[in-house]
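Heads up, the thing below is written out as structure tokens.
Every read-out reported here was derived from the displayed coordinates using simple, explicitly stated rules and does not represent laboratory data. Everything numeric in this text was worked out from a predicted model, so none of it was measured. For neighbour counting, all protein chains shown are included, and Cβ atoms are generated from backbone atoms with ideal geometry for every residue, glycine included.
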Amino acid sequence: MYNSFLGWELGVKKMALFLNFNKWKCVSSIGVPKEIFNEDEIPPFNQFERMKTLEGQDDKVLKLFQIIIPVIHNGDPIAYVLLGEVDSKSQDGYNKIQFITAISNIVAVAIENKKLFKNKLERERMLREMELASEMQLMLVPDVLPSNDSMELASIYMPQIGIGGDYYDYIELKDGRMLFCVADISGKGIAAALLMSNFQSTLRYCVNKMDTIEDLIKELNFALFNTTQGNRFLTMFLGIYCPNDGRLEYVNAGHQPPIMVINKKTQILDKGCTILGNFKNLMGIEVGEINVFDGMLLVYTDGLTDLQNDRGDYLDEKLLHEFVNNRCELSATEFNLELLERISLFKGKTEYPDDFTVLTCKFKKAKSS
């Protein structure tokens, strides 16, 4: 319509309209061969901030025209109109140029608004998809955790952008023992969330088919490697608790060492192996074992200790150990509430740098009847 109006109604003999689609592109022209408009050889438009004559230009496109008209919107150029074979010195020619300028502004701004509206719709669609992905991911982590005479679990789950690569879970085994784990998958966003979903399926499929915790870790590593071919990995702490004798078997696969407090004595649980998924065959797994009756265990991902305050200080392991030791008598739920309050006070207005997950475990000695 713009082309026809200028050509038929105004009698323009030579014209080119350039719009910005991430790069300048000639979208309409009159009286010049289209092959001269090479998208890889854009005329030097940035030197023009207002309408100007093009005498003495060396550029192969600009030298074909007499006048350039920039279209500015919100302070930025969104279009350039090149005109040739016009009599800018006569009143009629001047009026025609002014009219073309007005029409070009209306058309270019309309196109720009259409682009912005389309981008807005795309952002809204992506936001909705992210919200749906977040809802789906929340379905993969337990919203109700066990709290009984033998153990209590409580969690904090904070994906940085609504979805992420942190994962926690618990599974009641057939023999009465309780498996629980926290994992941190490399990367962020949808890719990490998809890998997390795949890992959860593998864990739940394999858990009752493996005879030992060592066999389970090897199978999880093998499955993860086959899925990603070593391009992605995860760290994980996996424990199996026996409520009858208070024994906790665990493997720490390159994960942030959890903090264990028993009788006001703090230790870390660091026995295990390297990260999962980098190597096809996992060697050298050391299974840790500890009696945890009347103890509390804090398992977390490194997003927690990556938190900084506005002075650049980290919520490091030392601060975390002191906090756990001073509040180990609380229930798991109460502890997490106080931890969230402490985190909020520490970071102030600083944004979360990464996903972080906390699983707090209280192990109780069953009362004899």
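Just list whichever of K14/K63; K218/K318; K52/K115 have alpha carbons separated by over 21 Å in the model shown. Walk me through the intermediate numbers first.
On the way: K14/K63 12 Å; K218/K318 32 Å; K52/K115 27 Å.
Where the Cα-Cα span goes over 21 Å, the pairs concerned are K218/K318; K52/K115.
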I190 paired with L140, simple spin-label distance in nm, labels 7 Å along Cα-to-beta-carbon: 1.4 nm
Gain on full stretching of the segment that runs from K174 to R125 - 0.36 nm per residue minus C-alpha separation: 13.3 nm
Sequence-separation-based contact order of the chain, relative, with Cα cut under 8 Å and 6+ spacing, percent: 14 percent
Structure-derived P(r) over Cα pairs in 10 Å bins from 0, in percent: which label, when the choices are [x] 5, 24, 32, 23, 12, 3, 0; [y] 5, 26, 36, 25, 8, 1, 0; [z] 5, 19, 21, 12, 8, 10, 11, 8, 4, 1, 0: [z]
Under 15 Å from the N3 label point (7 Å along Cα→beta-carbon), backbone N, the stretch 15-37: 15-19, 25-37
Extent along principal axes [Cα atoms of the stretch 2-120; Å; largest to smallest]: 44, 28, 25
For L304, residues with placed amide H under 5 Å, excluding near neighbours: T357
Integer Hz, Karplus 6.51/-1.76/1.60 couplings in order for the stretch 173-180, x for Gly and Pro: 7, 5, 8, x, 6, 10, 9, 9
Dipole-positive endmost among V207, T228, I217 within the stretch 141-363 (Cβ charges, Cα centre): T228
Cα gyration tensor shape of the stretch 175-270, rounded if a/c is under 1.5, else prolate or oblate by comparing a/b with b/c: oblate
Low-density loop cleavage sites - trypsin sites (Lys or Arg not before Pro) in the stretch 183-270, where at most 16 other Cβ are within 10 Å (DSSP): K209, K264
Positive-end residue, the chain charge dipole about Cα centroid, Cβ charges, pick of I275, G295, T101: T101
Under DSSP loop assignment and at most 15 Cβ neighbours within 10 Å, longest GluC sites (Glu not before Pro)-free interval of the chain: 86-285
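Using a Förster distance of 51 angstrom, determine the FRET efficiency expected from the C-beta separation of N326 and K114, and round it to 0.05.
On the way: r = 60 Å, r/R0 = 1.17.
So, using R0 = 51 Å, E works out to roughly 0.30.
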R0 of 41 Å, Cβ-Cβ distance Q98-T350: FRET efficiency to nearest 0.05: 0.15
Length gained when the stretch L337-M210 is fully extended (0.36 nm per residue, less Cα-Cα span): 42.1 nm
Shape call, the stretch 269-362: gyration tensor on alpha carbons, a/c limit 1.5: oblate
Point-to-point label distance, K23-S197, nm (Cα→Cβ direction, 7 Å offset): 3.5 nm
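Using +1 on the beta carbon of Lys and Arg, -1 on that of Asp and Glu, and nothing else charged, what's the dipole of the chain about the Cα centre, debye to 20?
Working: 40 positive and 51 negative charges, 193 e Å.
Rounded to the nearest 20 debye, it is 920 debye.
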Debye intensity ratio in log₁₀ form over the Cα atoms of the stretch 1-50, taken at each q of 0.21, 0.24, 0.28 Å⁻¹: -0.83, -0.99, -1.11
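Given a Förster distance of 56 Å, report the FRET efficiency between D58 and V287 from their Cβ-Cβ distance, rounded to the nearest 0.05.
0.15
Based on Cβ point charges of +1 for Lys and Arg and -1 for Asp and Glu, what charge dipole magnitude is obtained for the stretch 243-354 about its Cα centre, in debye rounded to the nearest 20?
Numbers: 11 positive and 19 negative charges, 21 e Å.
In debye, rounded to 20, the stretch 243-354 gives about 100.
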